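What follows is a set of notes on a single structure, which appears directly below.
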Amino acid sequence: MKKTRYYPFERNRYFYGKLLTVRDFESEQKYFNDKRRLMNRLLHGTGVITGLQVIAVDDKSVSVEMGAAIDALGREIIIPSPVTLKLSMMQGFSNNEYAKNVYLCLAYDEKGKEPVHSVANAAVRSDEISEYNRMLESYKLFIREEAPDPSVFPIESIMEQTSVLYQDGHIRILQRTPRYVNPGQLFDVTFVIEKTLQAAKISFDFELIGHQLQAEHDARVVFNEPQERQETEYEVTVKLRADNSSRGKATVGIRQDHALLRIGDKQVSLSSSRANEVMIMDGAVDKQWIDDFVNRSLEDSLDSPSDPCIYLARISLLQMGPTYMIEKVDQVPFNEYVYNASALHKLKGKESPAPATPFSGSITAKSSLRKIAGDQEPELNVTFNKDKGELNFDLGLPEVQSGDQVRTGVVEIPIASLNKFAASPFGRGGKSYVSAEIEHGLGRGSLFIYTGIEEINEDYISDILSSSERLYSGSTDVFKGSEHEPSGPDVKIGTVLYPQKGTFRIGVRLQQPTEATQINIRWWAFKKAIESGAGSDDTVDISSLEAASGREEQS
């Protein structure tokens, strides 16, 4: 860590006849830059202000969108336009191993601009001397292949403590605990597993040990990475409760002689046995956070890494033979953001409901089913009687009217190519075109879809917007050679229904090339209504409802 001394501030004093040199003009710029950067660091912090999203454009390249950020030295960084970069061509990317996570970093940079001839230097040296007439405040993007130490994010350390339990080239396991808790408070001890996609499966079995802390259920922490899926980050949480009668420093850690960590078929030892400290205190925890923040010394507030950067993305790579491919991009993995003070003030005014007090003990569930008007939305009212430990579900279902239900509509299916490089912009014979998903409005379940080709006479569109001049269904071949022959393309029509979603699609297949740009398909949906037999005062046992939904009741 280093401390960049922006102070004490010293500015030029001008007087009549003063000889101005390079030093004077440089100090003039430094005075204003140092003040602004100091305020940036102390008032705003470090991170992304806006934009700077990282997007994978292909298997080996990413694009960084335009945006703005402030680095740990208070310097503004602007990317004025999107930039696309190939990972293997970036500084810091090594080509010796591809099954890894890499971090895309953004840092401040300055570049000389507009070289000009320097008269003063030419008087000293005989060769041509040039100096830059401008300095362009710019940026640089580079790769780091190791995750940063948690200590480089000082604001996070005010609210929680993070220690590294294990780390190698592919896996890192962190233990995270809050800095402050109240007596008797239930809090989380979180274990974060960061890994590469092609690292071996991880499993561990830890036993927690704590001073003035008790486990809510079991002091063991067990994790087995799922076999069917693979992620780059997992979290395991254990509940601990602070001692009601204790105040002061408490500790929580892993019992080293009972820790079992397996990576694939190999058992490994933990890299660290350090215990995290938790302070048990009276009073508001959030007020203590603020006190810690504002009571820091100026020197501590200005601590920064020797080579500061902002971690824009964690990029997970897969090794594919002799090369690699980008599998996943996680945006700003360490939550380095600078938030607008006005936006935070408005968001603070939108207070969310306070979390309910956890209920301990047995719970009895009851339910009732009643009819409501057919044009109303289903209703579900849930009430909880804490004194009786009784949970009541009141479900209102709309009454289905008797008789068949019908819906109709028209869908336009484009058949012209939108690609300007296509060999022909018109629909090709033998090619199929499918509509987007269509909601028929009859709810979920099976029904019948009937379709027809709609032809509208353009001369009468203004007069008959709601009707067709002709509507063909079935085989149109029977009308060939007659005055009723269709003017549109010869197509076959099919439908696919999604009963669980209440939607369907229509597909058409051109039998021959056509210059038409779209086909209008009129559809009708028919559904047989089912009478509801439930009365307004019907009571249903909760176990029957849960059995119908495939779930088990838990008390």
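The values are calculated or read from the model by the stated rules, or taken from the named source; none is laboratory data. Keep in mind the model is a prediction, meaning the values are calculated, not measured. Positions of Cβ are generated from backbone atoms using ideal geometry, with glycine treated the same way; all protein chains shown enter the neighbour counts. Note: areas computed on protein heavy atoms with side chains; ligands, DNA, RNA excluded. Shrake-Rupley method; radii C 1.70, N 1.55, O 1.52, S 1.80 Å.
Observations, loosely collected:
- Yes/no for residue 74 being crowded, with 19+ Cβ neighbours inside 10 Å and either at negative phi or not charged (D, E, K, R) (or both): yes
- Candidates 294, 329 - the one that is surrounded by 15 or more Cβ atoms within 10 Å (Cβ to Cβ) and β-branched (Val, Ile, Thr): 329
- Residue 267 being free of Cβ contacts under 8 Å to residues at least 40 places away in the same chain, open to solvent by 80 Å² or more (accessible area, probe 1.4 Å) and more than 31 Å from the chain's Cα centre (by Cα): yes
- The set of residues in the stretch 259-275 being more than 14 Å from residue 203 (Cα to Cα) and either touching an Asp or Glu at 6+ places or on another chain (Cβ under 9 Å) or assigned to a helix (DSSP H, G or I) (or both) consists of 271 alone.
- Residue match in the stretch 387-410 (condition: within 28 Å of residue 498 (Cα to Cα), modelled with pLDDT under 70 and among the β-branched types (Val, Ile, Thr)): yes
- The test for being within 23 Å of the chain's Cα centre (by Cα) and more than 30 Å from residue 118 (Cβ to Cβ) does not hold for residue 74.
To keep it simple, each residue is scored yes or no on (1) part of a helix (DSSP H, G or I); (2) more than 26 Å from residue 306 (Cα to Cα); (3) touching a Cys at 6+ places or on another chain (Cβ under 9 Å); (4) of a type in the set (A, V, I, L, M).
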position: 38; (1), (2), (3), (4): yes, no, no, yes
position: 58; (1), (2), (3), (4): no, yes, no, no
position: 68; (1), (2), (3), (4): no, no, no, yes
position: 72; (1), (2), (3), (4): no, no, yes, yes
position: 77; (1), (2), (3), (4): no, no, no, yes
position: 85; (1), (2), (3), (4): no, no, no, yes
position: 99; (1), (2), (3), (4): no, yes, no, yes
position: 102; (1), (2), (3), (4): no, no, no, yes
position: 132; (1), (2), (3), (4): no, yes, no, no
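- As a summary of the residue check, residue 99 satisfies the conditions (1) closer than 28 Å to residue 323 by Cβ; (2) more than 28 Å from the chain's Cα centre (by Cα); (3) of a type in the set (A, V, I, L, M) except for the one numbered (2).
- Any hit, the stretch 142-163, residues being open to solvent by less than 80 Å² (accessible area, probe 1.4 Å), more than 30 Å from residue 215 (Cα to Cα), assigned to a strand (DSSP E or B) and not aromatic (Phe, Trp, Tyr): yes
- Among the residues of the stretch 303-324, the ones that are surrounded by 15 or more Cβ atoms within 10 Å (Cβ to Cβ), in a strand (DSSP E or B) and of a type outside the set (D, E, K, R) come to 11 in all.
- Checking every residue in the stretch 75-92 against the condition of being under 19 Å from residue 108 (Cα atoms), touching a Lys or Arg at 6+ places or on another chain (Cβ under 9 Å) and among the charged types (D, E, K, R) gives at least one match.
- Enumeration of residues in the stretch 214-247 that are open to solvent by less than 30 Å² (accessible area, probe 1.4 Å), in a strand (DSSP E or B), more than 27 Å from residue 328 (Cα to Cα) and in contact (Cβ under 8 Å) with a residue 40 or more places away in the chain: 238, 240, 242
- Being in contact (Cβ under 8 Å) with a residue 60 or more places away in the chain and within 30 Å of the chain's Cα centre (by Cα) is a property that residue 253 lacks.
- Restricting 215, 200 to residues that are in contact with a strand residue (DSSP E or B) (Cβ under 8 Å, 6 or more places away or on another chain) and farther than 30 Å from residue 313 by Cα narrows the list to 215.
- Among the numbered conditions (1) under 24 Å from residue 257 (Cα atoms); (2) out of contact with any helix residue (DSSP H, G or I) (no Cβ under 9 Å at 6 or more places or on another chain); (3) of a type in the set (A, V, I, L, M, F, W, C), the only one that residue 164 does not meet is (2).
- Taking the listed residues 283, 253, the one that is more than 30 Å from residue 67 (Cα to Cα), open to solvent by less than 20 Å² (accessible area, probe 1.4 Å) and outside any helix (DSSP H, G or I) is 253, with no other qualifying.
- Of all residues in the stretch 468-515, those satisfying the criterion of being of a type in the set (S, T, N, Q), part of a strand (DSSP E or B) and closer than 25 Å to residue 439 by Cα are 495, 503.
- Tally of residues being surrounded by fewer than 17 Cβ atoms within 10 Å (Cβ to Cβ) and farther than 30 Å from residue 118 by Cα across the stretch 16-52: 9
- Residue list for the stretch 427-453, filter: within 24 Å of residue 474 (Cβ to Cβ) and surrounded by fewer than 12 Cβ atoms within 10 Å (Cβ to Cβ): 430, 446
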